[in-house]
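Enquirer: Following this message is one structure expressed as structure tokens.
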């Protein structure tokens, strides 16, 4: 467990070139258009997920800071994800953000279906 924690801290601060206060709405929209996902699981649980290589973990924490909700976790191998799955946070924070700042790719329609 200690080794994983040290490795995590290393990746967190290795290339910290994104300041959390510098994230602009248009940048977030473009980033989510490329690497985001609105997912409905088998058990009908909805979630918003952005996955990145562990070298880009600072970006995921910047998203977490911006939205003030969700969590950042290791998934498998070298991947990490920012995930919001609390229904209230999705309805009150994430979805309104993307209604106000529309996605520009087919994910716009995916989000529309996701919110119905």
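Enquirer: For the stretch 91-108, indicate whether the set of residues that are surrounded by fewer than 16 Cβ atoms within 10 Å (Cβ to Cβ), farther than 19 Å from residue 29 by Cα and without any contact (Cβ under 8 Å) to a residue 60 or more places away in the chain is non-empty.
Expert: Looking for residues that are surrounded by fewer than 16 Cβ atoms within 10 Å (Cβ to Cβ), farther than 19 Å from residue 29 by Cα and without any contact (Cβ under 8 Å) to a residue 60 or more places away in the chain, one finds none in the stretch 91-108, hence no.
Enquirer: Quick check: anything in the stretch 53-68 surrounded by 12 or more Cβ atoms within 10 Å (Cβ to Cβ) and touching a residue at least 60 places away in the same chain (Cβ under 8 Å)? Let's see the steps before the verdict.
Expert: Restricting attention to the stretch 53-68, the residues satisfying the condition of being surrounded by 12 or more Cβ atoms within 10 Å (Cβ to Cβ) are 53-67.
When the remaining residues are screened for being touching a residue at least 60 places away in the same chain (Cβ under 8 Å), the result is none.
No, the stretch 53-68 has no match at all.
Enquirer: Still on this structure, please answer the following. Kindly evaluate residue 32 against the criterion of being in contact (Cβ under 8 Å) with a residue 12 or more places away in the chain, touching a helix residue (DSSP H, G or I) at 6+ places or on another chain (Cβ under 6 Å) and either crowded, with 19+ Cβ neighbours inside 10 Å or more than 14 Å from residue 98 (Cβ to Cβ) (or both).
Expert: no
Enquirer: Right, here's the next one. Only one residue in 44, 73 is without any contact (Cβ under 8 Å) to a residue 12 or more places away in the chain and in contact with a strand residue (DSSP E or B) (Cβ under 7 Å, 6 or more places away or on another chain), so which one is that? Reasoning before the result, please.
Expert: Working: 44 fails: in contact with a strand residue (DSSP E or B) (Cβ under 7 Å, 6 or more places away or on another chain).
On inspection, the qualifying residue turns out to be 73.
Enquirer: Then there's this: Of (1) surrounded by 15 or more Cβ atoms within 10 Å (Cβ to Cβ); (2) in a helix (DSSP H, G or I); (3) modelled with pLDDT of 85 or more, residue 111 satisfies all except one. Which?
Expert: (3)
The values are calculated or read from the model by the stated rules, or taken from the named source; none is laboratory data. These numbers come from a predicted model, not from an experiment. Glycine gets a Cβ as well: all are built from the backbone with ideal geometry, and neighbour counts include every protein chain shown.
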